[in-house]
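The values are calculated or read from the model by the stated rules, or taken from the named source; none is laboratory data. All values derive from a computational prediction rather than experimental measurement. Here the Cβ is made from the backbone with ideal geometry for all residues, glycine too, and neighbour counts use every protein chain on show. Each accessible area value is taken on the protein alone, full model and side chains, heavy atoms only, with ligands, DNA and RNA left out. Shrake-Rupley method; radii C 1.70, N 1.55, O 1.52, S 1.80 Å.
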2 protein chains.
Amino acid sequence: MTPARSRRPGAPTRTERGIPEATVARLPVYLRALTALSDSGIATASSEDLATAAGVNSAKLRKDLSYLGSYGTRGVGYDVEYLRYQIAREIGVTQDWAVVIVGIGNLGHALANYSGFGTRGFRIVALLDAAPELVGEKIGDMVVRDFAELEEIVAADRVSIGVITTPAGPAQEVCDRLVAAGVTSILNFAPVVLSVPDGVDIRKVDLSIELQILAYHEQRKSGEAALPPVPELPAMNGVVTDLPSVGGGVGA
Amino acid sequence: MTPARSRRPGAPTRTERGIPEATVARLPVYLRALTALSDSGIATASSEDLATAAGVNSAKLRKDLSYLGSYGTRGVGYDVEYLRYQIAREIGVTQDWAVVIVGIGNLGHALANYSGFGTRGFRIVALLDAAPELVGEKIGDMVVRDFAELEEIVAADRVSIGVITTPAGPAQEVCDRLVAAGVTSILNFAPVVLSVPDGVDIRKVDLSIELQILAYHEQRKSGEAALPPVPELPAMNGVVTDLPSVGGGVGA
DNA sequence: AGGAGCTTGTGAACGTGAGAACAAAATCGA
DNA sequence: TCGATTTTGTTCTCACGTTCACAAGCTCCT
């Protein structure tokens, strides 16, 4: 065997850059699992414990964490509080991010009422809508303001994250205005593909797509033998195609 | 060369099984793009056109479509209506799927009010909540019913898809009840990892995770040089860890 | 003090997905 | 009728992500 007593050429140099995207997407899940363990009074957890709590494979979890650094102790596990802080810092939720929500329809309302933003990494600084009948409405301790005030608000509060909960129609225009105002991250609930310049991050949440993916698998389960044959240029009655936005309210 | 005049050993046998998961997740996007093209009165589209509308690479789109069969015409493109029908059929939205929503808090309200389910592949058959003060409330043309009626409703309406919009606490219990009642696909908005038996599909939509992913990239953009050094077992004041559910309302 | 027993961190194998490139097939014009 | 042009369907290659398996390293017990 003769295990070459490990002495790497260069220092390990914590990667600090280049965490795989798939790993980034799981870090918030680990953070939540760690919080749950912490609330249960558990001070130390093995990768197996953590993996179970987060619903993933333990090898994957260990590899994911290894991108952040070596925060565990062999033979023992991870210190829950310490690891929790490290992940929170890596994600960036040890500071508060200012957020605006555009489009105060049903979904915008729901997000605005959501009473957990203030002290938890994200701070809603404005609810915006272009419909005059909505402007001035009170939601929780906030008031809906006119979409025209966007630029002013973004500049004043250093807003970097925008949430779009408008219908599909005005979404691209709203997006363009957000980007022009200086927002560099967008969470889009409208059922459209938004185009943004390089340097702007965009993520999409789409209820209808999620349901359709479930429907596909559901059909596979129940319909095994009942699949209709492939029709040749069929009668097109009752073709189902799309689901409109959950949000609503911003006019042109 | 001697191109063996294509005559495959067996019939081409449309795969009919084994469409890659990544492709399945994009089919609804293509469906939406096709609907948009159709609404614009466009009868034929090339893979390039479609790819632009769907926000993907044209080679990827062609490969995705090839899993469904050969529905295009070389030198011409795709018949919009025909392809739209084929994708809708493959996904399974040419039929209606019965859906129940459990947890009529802010988000549950928003989804219930969402006026696009009826004629579009999914039909909400019940809104359920365990809180007595919510039961009986009218939302649109539906009435909130008691969660205790779940089993009866699932059996009567052949419900196969359940949407969970409760807080984290009761989510697993609600999930277990749904599964026991016969639901085999679940869309979960509660911020917990749900465990389900084999054969049950589950998908998760999580606002706080999406925001945290954006925050990570945002920090990378703005914080380049401002990253604090790694502290050794730091003071844990103000650590941000998690965001509670958007939904709410189901009591134990 | 030394060995037994755990658990992390990581190298290597494997599988899936993305993109480039091109042959096959269809239309259109001469 | 035949060649030029267009666009699909598919093959090949590369990159990424997942999982296995194990050496390194830590603690605890004797």
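A protection proxy built from the mean count of other Cβ atoms within 10 Å ranks the segments A:73-80, B:98-105, most packed first, as B:98-105, A:73-80. Summing Lys and Arg as +1 and Asp and Glu as -1 over all other residues whose Cβ lies under 15 Å from the Cβ of B:Val174 gives a net charge of -3.
Expressed as a whole percent, the accessible surface of segment A:21-90 that belongs to carbon and sulfur atoms is 49, based on a 1.4 Å probe. With N as its number of residues, segment A:155-204 has a Cα radius of gyration that, divided by 2.2 N^0.38 Å, comes to 1.03.
Between chain B and chain A, the total buried accessible area stands at approximately 8600 Å², from heavy atoms with a 1.4 Å probe. Rolling a 1.4 Å probe over the protein heavy atoms gives segment B:68-139 an accessible area of 37 Å² per residue. Take each residue in B:195-207, count the other chain C-beta atoms within 10 Å of its C-beta, and the mean is 3. Computed from the mean reciprocal separation of all distinct C-alpha pairs, what Kirkwood hydrodynamic radius does segment A:97-207 have, in Å? It is 13.8 Å. For segment B:29-63, a decrease in accessible area of 20 Å² or greater in the assembled protein chains relative to the isolated chain, with a 1.4 Å probe, applies to B:Val29, B:Leu31, B:Arg32, B:Thr35. Could you point to the residue in A:Ile104, A:Leu150, A:Gly136 farthest towards the positive end of segment A:77-154's charge dipole, with +1 and -1 charges on the Cβ of Lys/Arg and Asp/Glu respectively? The residue sitting farthest along the positive end of the dipole is A:Ile104. Remark: mean inter-chain Cβ contacts per residue of B:79-89 equal 4, using a 10 Å Cβ-Cβ cutoff to other protein chain atoms. By the rule of a C-alpha distance below 19 Å, with chain neighbours fewer than 8 residues away ignored, the lysines paired with A:Lys204 are B:Lys204. Note that segment B:99-110 has calculated 3J(HN,Hα) couplings of 10, 10, 10, 10, x, 9, x, 4, 5, x, 4, 4 Hz, one per residue in order, obtained from phi through the Karplus relation 6.51 cos²θ - 1.76 cosθ + 1.60 (θ = phi - 60°); glycine and proline are x.
On a per residue basis, the convex hull of the C-alpha atoms belonging to segment B:21-89 measures out at 75 Å³. The order of the peptides A:88-94, B:127-133 by mean Cβ neighbours within 10 Å, most packed first, is A:88-94, B:127-133. For the peptides B:46-53, B:27-34, residues were scored by their other Cβ atoms within 10 Å and the scores averaged per peptide; the highest-first order is B:27-34, B:46-53.
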